[in-house]
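Peer 1: The following block contains the structure, expressed as structure tokens.
Read-outs: derived from the displayed coordinates by stated rules, not from any lab. Computed from a prediction, not measured in an experiment: that's the story for all the values here. All Cβ positions, even for glycine, are placed from backbone atoms using ideal geometry, and neighbour counts span all protein chains on display.
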Amino acid sequence: MGMNDRPPAGEARNVGQLLLRAAARYPESGLYYRGTGSSAEFRRSSYPELLDQALRLLSGLRGLGLRPRDRVLLLMDDAEAFLPGFWACVLGGFVPCPLPPAAGNVEQAAAHHRHVHRLLGGPLLVTGERLAAEVPQVPGLTVATVEALADHDRASDVYEAEPEDLAVLMLTSGSTGQAKAVMLTHANLLASMRAKNGFHELGASDTVLNWVGFDHVAALLECHLLPLSTGSSQLHVPSSHILDEPLEFLRLISRHHVTVTFTPNFLLGLVNSARHRMPAGEALDLSRLRHIVSGGEAVPYTTGTAFLERFAPFGLRRDVLWPAFGMTETCAGSIYSLGFPDADAGQEFASVGLPVAALDVRVADAQDRALPDGRAGEVQLRGPMITPGYYHNEEATSSSRTADGWFRTGDIGRLRDGRLTLVGRSKDNIIVNGVNYFSHEIETALEELDHVTPSFVAAFPTRPEGSDTEQLVVAFHPRTRPGDDTALYDAMTAVRAAVVMHWGFRPALVLPLAREEFVKNSLGKISRAKLRARLEAGEFDDVTRATVEVIRQHMGDYSPPRTDNERALVRIYGETLDVSPSSVSATANFFDLGGTSLDLLRLRGSITQRLNVPGLQTIDLLNAPTVRALAGYLDENPAGTVKTDDGYDPIVPMQQGGTKTPLFCVHPGAGEVLVLLDLARHFAGDRPFHALRARGFTSGETPFTSHGEMIAAYTRAIQDRQPHGPYALAGYSSGGLIAFAIAQELQSRGEQVAFLGGFDFPPVLTPLLVGLDFSVTVSVLSHFLGLLDKEQSEELPGKLRELPLEQQLQTVMDLAPRKRLAELDLDLQKFTVWMTLADKLKKIRAEYELSGTVPSMTVFHGTTPPPLPVFHGMPAAQAERTWLDRLHGWDRFTAGGAARYVKVPGEHHTLTAPPHVAVFQALLRQEIDRSMGEGGAGGEGGAVSGPEAE
């Protein structure tokens, strides 16, 4: 059908007609985009300009051979790129599916992409040039960039979709797991827009603010499609602008005369907490704001009213807050409360109010029979805005419907006078800050900890009075001896750290319970709902008080801060760990306070920014893990690390507690030790864990020039810490060769090395160095560090060799996930130092050939070999056999001709990272205890389960 200059007459039949109408009827309205940089400037794009951009992209997509009903994945992290891409798909009859930004490690991201690629039948992926390098390598995946697609003339015609045609696919939210794709038709979206505006009453004079990513249905429909359909203007800002400074939410509303916006409730809590930081006399004008739709999680009455009261002096209306209910499956908001706060006085949570026109709501019992007013049951919905189901997932589609056709929300609620109040969920998930986390996933990961009794762990939500969001409780039965408070403290610390490392937030309560408290049904399933009810009824108060006392005893007496730096650090520690600064003792170890490696990186960033310490390194925090020690370091080094070779100490004390013999663990080939941090945390209370870090990372240090110089420095440092044996040594990857040389040096001095462990590396290096030039070294180590996936590391060297060194490194930095770069505290300068040093270490190792023997050697090996050039193109089974044959070369260097081999989960570069580290650390500690003759802390669980020594 040819393009018309005028919009279609009459009722819109498809979503594409909404943009055509907006461009024709509201040329003065449009979109304002704020970039991801520090500039506060917005770039305006009118609706006619949006249409023009979409039509150019449509020409590009058609040029790639796309046809109506083809699926297209959209991976963009800014609105200015995403929206033209979305509309190009809609106008071409293609079905867009927004992808969330990459989360987790490289392998997890690749697994998610592979799943979505298979689910949608091999769709095209459209992204920007900047993000294209981050797209995981997926067989058969075709990637196109918006920059290339935009370099076309406008399409002269658009596809006229039918109402029942599929308009968009939205992936279900969740922390991990296999996403489902929710199908939304043109009819769904059009019905939803009409129904929503019966409440919103938007018009061309309105301005809508959005800060949520477009993989979230509320951003796409509530904050874009709805205002576009009414000719309203739109502001789109990156979420980081709001989350980094919550008060910016109100400042944008004031500055741009915003009338409508959306936010999950947790932001209201952040804004409430930030109120005291507003500069005296700051002027805000919130009087034009008509309503804030708050969905995604329940709104506590106290949070909502506190928000209204604190900002009333700036013109905020008393009825501005609209608690609401909506799901991806209901086209976002579909039930709104216009009566807050008066209609909810005396209630803990706000009701979500009344349904939009054409949406029917019922509360049903277990047999799907409607319940009378006031009775709690499952909330079920019926209406034209509800999804027809899940793409290529008949089982999920079928289970989401009752026999008489109502959609099951999985939420528990009650109706009273037509108003809906939610009281819980039938689904086993937890919503923290608007994100779903599934109980069974948390429990499965925690059961791998040797501190936790399998099948006696439960993860469930609670919402303490006054809390702005749900909080996670983990109840578990510890594998510790009764009365062993040290072991119990270690168990609680391990559980807390595992949650943070997997999901990025801290459980509000870790609750060790007796076996009999975990009441199970005939199938062995624990009732999380009953545990929650008992917790909130106060039945576990005695246990909670007892665990607080265990923590207090372990931490020692409170020591208040004494200097300005100590007082500043106490505040930063408290904010980082989400605890009251008044509870942070100046002498408490950061990790004993519950800190993790992720927290450590946040801590470093906060200190660097707020105390102006540009040279501060993560290693400095490991060397000074208490407020007092770190404050003393900052007093002496106000700008951060400055060292010389004379001040170099290879020992990084990653974990100092425990009464057993220390473990000294040598760095892998890259020379750095941060990859050992998660492993070290599991040794808390057991034995000290000291890592050896190469020389040359810090300004003023020169790299080692020979293998002998390195071994001498490491041996001297070890004996400074522990003058005499028996010693426990280990090395990760090629660090195993260094550990072997140190063991021989100690033996030559008459000392005993009782444990020597190597992590996944053979004794003879030369055959593996074939083709290992600088480009390969960079690629292999970048995969090892999680900067590249396996396919990238294999393909990249050929592309790098023709480039100058700095450009090679910049290419890797451009490919690397930004989250991982932040975790490793990497920029181009630091990466250049690191890789140059790694290349020098490789050359030093190449000059060393093993000879002689050690009394014993334990080799831990993963499930697949590392991505070395020698294995490229080799069938997987052959590569694994070859790798194992190489590893068994350690037999020649072990007295008696037989080393000990232990298989552990994970690949070469993921052994020490979640989730594999939970099993690896248990087996490693078990082997060290066996070799040293030092029994473990024990517990009723007996020997740690897992792969046995071969």
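Peer 1: Would you please put 352-358, 826-832 in order of how densely packed they are, using the mean number of other Cβ atoms within 10 angstrom per residue and starting with the highest?
Peer 2: Values: 352-358: 20.3, 826-832: 14.3.
The packing order, highest mean first, is 352-358, 826-832.
Peer 1: Tell me which of Ile572, Leu284, Pro614 sits at the most positive position along the dipole axis of the chain, charges placed on C-beta atoms (Lys, Arg +1; Asp, Glu -1).
Peer 2: Working it through, the farthest residue towards the positive pole turns out to be Leu284.
Peer 1: Then there is this: With the cut-off at 1.5 for a/c, could you classify the range 70-189 from its C-alpha gyration tensor as rounded, prolate or oblate?
Peer 2: On the way: a/c = 1.99, a/b = 1.27, b/c = 1.56.
Oblate.
Peer 1: With +1 assigned to the C-beta of every Lys and Arg and -1 to the C-beta of every Asp and Glu, and no other charges, what is the dipole magnitude of the chain about the Cα centre in debye, to the nearest 20? Walk me through the numbers before you get to the answer.
Peer 2: Values: 87 positive and 112 negative charges, 157 e Å.
With only Lys, Arg, Asp and Glu charged at Cβ, the dipole is about 760 debye.
Peer 1: Could you compute the net charge surrounding Arg610? Neighbours are other residues with a C-beta less than 15 Å from the C-beta of Arg610; K and R count +1, D and E count -1. Show your work: numbers first, answer last.
Peer 2: Numbers: positive: Arg277, Arg567, Arg571, Arg602, Arg604; negative: Asp244, Glu245, Asp564, Glu566, Glu575.
That works out to 0.
Peer 1: Please work out the FRET efficiency for the pair Thr863 and Asp891, using the Cβ-Cβ distance as r and a Förster radius of 25 Å; give the result to the nearest 0.05. Write out the running numbers ahead of the final one.
Peer 2: Working: r = 21 Å, r/R0 = 0.85.
Approximately 0.75, to the nearest 0.05.
Peer 1: Beta carbons within 10 angstrom, averaged per residue: use that to sort the peptides 156-169, 368-381, 208-221, highest first. Walk me through the numbers on the way to the answer.
Peer 2: Details: 156-169: 18.0, 368-381: 16.1, 208-221: 24.1.
Final packing ranking: 208-221, 156-169, 368-381.
Peer 1: A follow-up question, please. Given the range 288-427, report the % of alpha carbon pairs whose separation exceeds 21 Å. Walk me through the numbers on the way to the answer.
Peer 2: On the way: 4289 of 9730 pairs.
The proportion of pairs with Cα distances above 21 Å equals 44 percent.
Peer 1: Could you pull out every residue, at least 5 positions away or on a different chain, whose amide H is within less than 5 Å of the one on Phe590? Hs are placed 1.01 Å off N in the peptide plane, and Pro or chain starts have none.
Peer 2: HN-HN under 5 Å from Phe590: Thr626.
Peer 1: Moving to a separate point now. Net charge near Val116, counting Lys/Arg +1 and Asp/Glu -1 over other residues with Cβ under 12 Å of its Cβ? All intermediate terms of the calculation are to be shown ahead of the outcome.
Peer 2: Working: positive: Arg71, Arg114, Arg118, Lys180; negative: Asp215.
Within the 12 Å Cβ shell, the charges total +3.
Peer 1: Rounded to the nearest whole Å³, what is the per residue volume of the convex hull around the Cα atoms of the chain? List each step's numbers first, then the result.
Peer 2: Values: hull volume 167.3 nm³, N = 950.
So the per-residue hull volume is 176 Å³.
Peer 1: A further question on this structure: Can you pull the Kirkwood radius for the range 20-76, inverse mean 1/r over Cα pairs, to one decimal in Å?
Peer 2: Details: mean 1/r = 0.0737 Å⁻¹.
The answer is 13.6 Å.
Peer 1: Another question about this same structure. Determine the percent antiparallel among the DSSP beta bridges restricted to the range 1-244, to the nearest 5.
Peer 2: Taking every DSSP beta bridge with both residues in the range 1-244, the antiparallel ones total about 35 percent.
Peer 1: Taking Rh as the Kirkwood radius, which is the inverse of the mean 1/r over Cα pairs, what is the Rg/Rh value for the range 1-244? Mind dumping the intermediate values first?
Peer 2: Details: Rg = 17.1 Å, Rh = 18.2 Å.
With Rg and the Kirkwood Rh in hand, the quotient comes to 0.94.
Peer 1: Could the peptides 336-349, 318-331, 619-632 be put in order, highest first, of the mean number of other beta-carbon atoms found within 10 Å of their residues? Spell out each step's value before the answer.
Peer 2: Working: 336-349: 16.4, 318-331: 23.9, 619-632: 20.1.
Answer by packing, highest mean first, reads 318-331, 619-632, 336-349.
Peer 1: Rounded if a/c is under 1.5, else prolate if a/b beats b/c, else oblate: with a ≥ b ≥ c from the C-alpha gyration tensor eigenvalues square-rooted, which is the range 186-307? Walk me through the numbers on the way to the answer.
Peer 2: Details: a/c = 1.91, a/b = 1.60, b/c = 1.20.
Prolate shape, in that a/c is at least 1.5 and a/b is the bigger ratio.
Peer 1: Under 9 Å from the Cβ of Thr596, count the other residues' Cβ atoms, weight Lys and Arg +1, Asp and Glu -1, and hand me the total. Present the calculation step by step, with values, prior to reporting the outcome.
Peer 2: Numbers: positive: Arg496, Arg506, Arg681; negative: Asp599, Asp678.
The answer is +1.
Peer 1: Compute the separation of the alpha-carbon centres of the range 612-634 and the range 248-284 and state it in Å as a whole number.
Peer 2: 34
Peer 1: Let me have the 222 nm mean residue ellipticity of the chain computed from DSSP H runs of 4+ only, each contributing -39500 (n - 2.57), with the sum over all residues rounded to the nearest 500. Working shown, then result.
Peer 2: Values: 31 runs with 338 residues, N = 950.
Taken over the chain, the calculation gives -10500 deg cm²/dmol.
Peer 1: What percent do you get for the relative contact order of the chain when only Cα pairs under 8 Å and 6+ apart count? Don't skip to the answer; put the middle values down first.
Peer 2: Working: 1819 pairs, mean separation 70.6, N = 950.
Averaging sequence separation for qualifying contacts and normalising by length gives 7 percent for the chain.
Peer 1: Right, next: Report, by chain and number, residues whose modeled amide H sits under 5 Å from the one on Gly128, excluding near sequence neighbours (fewer than 5 apart, same chain).
Peer 2: It is Val146, by chain and number.
Peer 1: Continuing with the same structure: Suppose every K and R has +1 on its Cβ and every D and E has -1 on its Cβ; what is the size of the dipole of the range 1-244 about the Cα centre, in Debye to the nearest 20?
Peer 2: On the way: 19 positive and 26 negative charges, 91 e Å.
I would put it at about 440 debye.
Peer 1: Same structure, new question: Which FRET efficiency value, to the nearest 0.05, is calculated for Arg716 and Arg571 with the Förster distance at 35 angstrom and r the Cβ-Cβ distance? Walk me through the intermediate numbers first.
Peer 2: Numbers: r = 39 Å, r/R0 = 1.12.
Efficiency at R0 = 35 Å is approximately 0.35.
Peer 1: To continue, here is another question. Of Asn637, Thr328, Leu756, whose Cα points farthest to the positive end of the dipole of the chain (charges on the beta-carbon: +1 Lys, Arg; -1 Asp, Glu; origin at the Cα centre)?
Peer 2: Sorting the options by dipole projection puts first Thr328.
Peer 1: Skipping prolines and chain starts, which residues have an amide H placed within reach, meaning under 5 Å, of the one on Gly410, given they are 5 or more residues away or on another chain?
Peer 2: Close amide H contacts, sequence-distant or interchain: Val379.
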